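Peer 1: First the structure, then my questions, so here it is.
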Amino acid sequence: MNPKLIEKPKSKITASRKLSLKIMLLTRAMEQLEQETQDRDEEKLSYLGERLPPLQFSGLSLTELQDLCKQLHGKIDVVDEERYDCEAKVTKHNKDVSLRPFG
C-alpha cells in the first residue's frame with residue numbers, strides 16, 4: 001500500500017480551538033502549581049512554628065550563650081548526619097533500581 005493514498009481523518013476540532021484549549025490547560029496547571037507551592041510553604045512554616053520554639057537570648061550571660069551555641073551546633077551535626085544518611089540511602093536505591101533488569 002502506498003502511504004500517500006492513506007488519508008488521515010480530519011480533526012473535529014479546529015487548530016485555533018486546540019490552541020485555546022491548550023493555553024487554558026497550561027494556565028490552569030500553572031495556577032495549581034503555584035497553589036501547591038504556596039500550600040507547601042505555609043505547611044512548612046506551621047510545622048517549623050510547632051517544632052521549633054523561638055530562641056530567647058535576652059537575659060543570658062556569656063557562658064549561657066556559649067552553652068546554647070554548643071547545643072545548637074550539636075543538634076545541627078545530628079541533623080546533618082541524618083540528612084547525609086538519607087541521601088546515601090536514596091542514591092543507593094536509585095542505583096539499585098536503575099541497574100535492576102526488567103522482566
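Peer 1: Report yes if LEU65 is open to solvent by 90 Å² or more (accessible area, probe 1.4 Å) and part of a helix (DSSP H, G or I), otherwise no.
Peer 2: Details: open to solvent by 90 Å² or more (accessible area, probe 1.4 Å): no; part of a helix (DSSP H, G or I): yes.
When the stated conditions are applied, LEU65 does not pass them.
Peer 1: For region 44-103, which residues satisfy the criterion of being within 24 Å of the chain's Cα centre (by Cα) and of a type in the set (Phe, Trp, Tyr)?
Peer 2: Passing the criteria: TYR47, TYR84.
Peer 1: Please go through region 69-98 and pick out each residue that is among the aliphatic types (A, V, I, L, M) and modelled with pLDDT of 90 or more.
Peer 2: As a first pass, look at region 69-98 and keep what is among the aliphatic types (A, V, I, L, M): 72, 76, 78-79, 88, 90, 97.
LEU72, ILE76, VAL78, VAL79, ALA88, VAL90 - these are the residues of region 69-98 that are among the aliphatic types (A, V, I, L, M) and modelled with pLDDT of 90 or more.
Rundown of residues vs (1) in a helix (DSSP H, G or I); (2) of a type in the set (Gly, Ala, Ser); (3) open to solvent by less than 100 Å² (accessible area, probe 1.4 Å), yes/no style:
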residue: ILE13; (1), (2), (3): no, no, yes
residue: ASP39; (1), (2), (3): yes, no, yes
residue: ILE76; (1), (2), (3): yes, no, yes
residue: HIS93; (1), (2), (3): yes, no, no
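The values are calculated or read from the model by the stated rules, or taken from the named source; none is laboratory data. Note that the coordinates shown come from a computational prediction; the quantities given were computed from them, not determined experimentally. To get the accessible areas, we keep the full protein, side chains included, count just its heavy atoms, and leave off ligands, DNA and RNA. Shrake-Rupley method; radii C 1.70, N 1.55, O 1.52, S 1.80 Å.
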